[in-house]
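The values are calculated or read from the model by the stated rules, or taken from the named source; none is laboratory data. Remember, predicted model here, so these are calculated numbers, not experimental data. Here the Cβ positions follow ideal geometry from the backbone for every residue, glycine too, while neighbour counts run over all protein chains shown. For accessibility, only protein heavy atoms count, side chains too; no ligands or nucleic acids. Shrake-Rupley method; radii C 1.70, N 1.55, O 1.52, S 1.80 Å.
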Amino acid sequence: MEGEERTLVEIKNPKEFEAWAEKKPAEVALAVATRAALRVLPIAWTAHRGDYIDLISDLILPIFRATSAAWTAAEYPAHSTAASAWQVANNAATFAAHAAADVADDADAAAEAASAAFTAAGAPTDAVAAAAEAAAAFVLDAAFWSAISIDATSMDEGTMASITTGSPLWPEGQPDDLGSLWRDLKTTLQAAGQDWDVWTTWYDRRLGGRFRSDARELAYARIEDALWDKGPAAVNAEIKRRSKRRRRPRPDAKPTTEPAPPAAPLPPASPATRFIVQQGVVDVVSPSAWAGREAQFSAYHARARTIALGLADRLGSTDAAPEVAGSVSALLDVLGESATDVQPDQLRLASRTIIAKARAYAHPSAQWELSAESVSSMLELADLLVDLQAFAIPELEKHERAIRALDLTDAMAVEAKETLDLISGAIAAAPEIVSDRVLVAFNASSTASANAADKAVQLTIEGDRILLAENVALALARYLASPADQDSTPLPLAIVRGDFESEEHSDVQPHKQPDANRKSRAKAAARKVPSEDFVGRIIARLDKKGPDAIADALLSAVTSTIKHSPKSIPGLAALFYANFIGSQVLLATGGAFSLTLAWIAYELWKRKK
């Protein structure tokens, strides 16, 4: 097949949207309608007739209120705030009714944009139709329906509605006319004072698909009705107060004498596969996502595994599409023989490329390298993978939100890939101290990264890999910070857990041994990797940092540990520190990873002093 063309759902008018949406869960229609209303929001500004003060108070603020309520309901479907989104939107619409009526005669497009905002939460089909009318007034029909179609395609490919909600509003770029309107409105709001920057920032983040902490995003939906009645100055000031970023504690970067322990305890694990060190081996913590649904999940799992095995056999007899063969092999490793051992995030990671490639092969213009039977199997497998992930929606929503919070760009993903490939190689080179399940997790993630279908998939896969690496580093840090006689007991102590949420370590059990075929593949991959190569390359990265960037004592402890005991838990921890401390991209992704690395360096120094 030439190229990796994506198969788009084609929606070109409100009737086609209604026909598509009526077969979907309510949250899907809500996500599309909310994004449609947000796209045409700047058009409401065309209602101004010179005197804008009343307009921004009586119409623009209620539109922001309604769209933020709908966005919250779509982005946080399980949150208590979401349940009141329709009521909030209703209140906003009532509050703005007279302003919208005044607008209707002179600016129909503005009235339609307002209507889209006020109906998104309760009548998604009406909202999309109104938004389409607003877009048509600016001859933006093609761009508007293309964006709707891309959203629909994304969710048909298995992306959860809440994740689509938070993605960039215009996947192909905001039309120039709307961009100009937004800049005019933004300039006017900022000139008006009254802390309107809370809303201009909020909308800019919706445009770019950028994400802040849950507390800051939810601040917009937690304002009481009585306060909204007091107008924009009161509302905006309260949002600003509630959404102020709390400064994260930072470990001491350059101690002047002996290194001091980091100022904060180790953070909780990321919402991805968790790891534990027991008896000198890094292992995987069993998932709990399938509890209570084992029978149903196992039935889908068995069918997916059967199809994947058959597809792997057919692909093994031909040289065509080796990237598909590699992706299917990695998926089989992740699926394993036991359904209840499947990690939700690894399932999603291994599924991404297969689903994207299945859709591409199914496109009418695709030139196949595979047989019709293989393509048919790929499509059935892709549908089953979507069904399997549906059993773990809460876990996967947290996982996808964590990936989005990384806020990776294309350039950051390229640098992250280089760093993650290096640490994956180091893990593969040390099978003596990592379990086969750990080898499977990192091999599958490396395969997915190498075979990513497009840039969007690549971004999410590198995000997947960062979360995996964070959790391995956390397990290593907990091991180092625990008394030596606790090597075989569940970890960690209160000092390394702090006051964060419990992770139920008393119930933690390492994974059972994987099946023989998967085990042999993992070992074979490990044997191909010379450990000295990765150790040398990682030490070279560390040497580049020098004493100006890292305290001499810490640098000495890390380097000494790598050189003298690379195939030990302290040695692997030192490799993690040396590799990731050299990547500004990964350190920029948040304070949790930086804090974990600081603990690793400190504990290694304690062992060497």
| query | Which whole-Hz couplings ³J(HN,Hα) result when phi for each residue of segment 147-160 is put into the Karplus expression 6.51 cos²θ - 1.76 cosθ + 1.60, θ = phi - 60°, listed in order with x for Gly and Pro? | reply | 5, 4, 5, 5, 4, 4, 4, 4, 6, 5, 7, x, 5, 5
| request: Would you pull out the residues with amide H under 5 Å of Val281's amide H, same chain only if 5 or more places away, H placed 1.01 Å from N? | output: none
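How would you rank 113-120, 34-41, highest first, on the average number of other Cβ atoms within 10 Å across their residues?
Highest-to-lowest ranking by the protection proxy: 113-120, 34-41.
How far, in nm, would the chain grow between Thr318 and Ser298 when pulled straight, counting 0.36 nm per residue and subtracting the alpha carbon separation? The partial results should precede the final answer.
Working: separation 20, 0.36 × 20 = 7.20 nm, distance 3.06 nm.
Length gained between Thr318 and Ser298: 4.1 nm.
Give me the percent of accessible area attributable to carbon and sulfur for segment 349-483, probe 1.4 angstrom. Write out the running numbers ahead of the final one.
On the way: 2280 of 4050 Å².
Exposed carbon and sulfur together represent 56 percent of the surface.
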| message | On a 29 Å Cα-Cα criterion, which of the cross-link pairs Lys357/Lys567; Lys357/Lys398; Lys12/Lys357; Lys23/Lys186; Lys186/Lys244 come out too long? | response | Lys357/Lys567; Lys23/Lys186
| Separation of the Lys240 and Leu227 label points, Cα + 7 Å toward Cβ, nm | 1.4
| message | Using the basic label-point model (7 angstrom from Cα toward the beta carbon), what is the Ser376 to Ala191 distance in nanometres? | response | 6.6
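Quick one: pull the percent of accessible area on segment 146-189 belonging to carbon and sulfur, 1.4 Å probe, ligands and nucleic acids left out.
Values: 620 of 1450 Å².
Answer for segment 146-189: carbon and sulfur cover 43 percent of the accessible area.
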| message | Need one value: the accessible area of Phe442 in square angstrom, 1.4 angstrom probe, rounded to the nearest 10. | response | 10
| Extended-chain gain in nm, criterion 0.36 nm per residue less alpha-carbon gap, Lys15 and Ser213 | 67.6 nm
